Amino acid sequence: MDLKTESHENTLWVHLDEPRLDAAVALRFKDNMRDICLPHYHRIMLDMSAVTFLDSSGLGALVAVMKSLSKDQTLELAAPSFNVSKVLRLTRMDTVFTIHATLADARAAGGFDAVQS
């Protein structure tokens, strides 16, 4: 499980560099996210641009991470691929999570002035 982090003020950026968020990695993802989502970060921005496949286990892991956050924290999804976006729409999770279509949109919403890739 390859998670890279960067922070900016009260936002923690988590870059998920895995092509699949599925049953094979969901438990490790959930455990790693719980370890890095410290309470002093109010926004957790998950860069999903590398993820091309999301199954029900991966979706469950995203929901579990969101539920494990304190009431003052939010989990936002950034730059999901077409296939991941489709799963989020079909399961109506697009009404549960704040989803930013591109990394540039997410960075602007997260207080970053410049776009980084």
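Each value in this text was obtained by applying a stated rule to the coordinates, not by laboratory testing. Since this is a predicted model, take the numbers as computed values, not measurements. Glycine gets a Cβ as well: all are built from the backbone with ideal geometry, and neighbour counts include every protein chain shown.
Annotations for the structure displayed:
- Estimated 222 nm signal from helices in the chain, with DSSP H stretches of n ≥ 4 weighted -39500 (n - 2.57), rounded to 500: -10000 deg cm²/dmol
- Efficiency of FRET between ASP2 and LYS71 - r from beta-carbon atoms, R0 30 angstrom, step 0.05: 0.55
- Pairwise centroid distance, computed over Cα atoms, of segment 54-69 with segment 88-110, Å: 15 Å
- Sparsely packed trypsin sites (Lys or Arg not before Pro) within segment 18-107, loop by DSSP, other Cβ within 10 Å at most 16: LYS71, ARG92
- Length-normalised contact order of segment 23-76 in % [C-alpha pairs under 8 Å, at least 6 apart]: 56 percent
- Rel. contact order, % - alpha carbon contacts under 8 angstrom, at least six apart, the chain: 24 percent
- FRET efficiency estimate (nearest 0.05) - Cβ-Cβ, SER57 to ARG89, R0 22 angstrom: 0.75
- Cα shape, the chain, gyration tensor, a/c 1.5 rule: rounded
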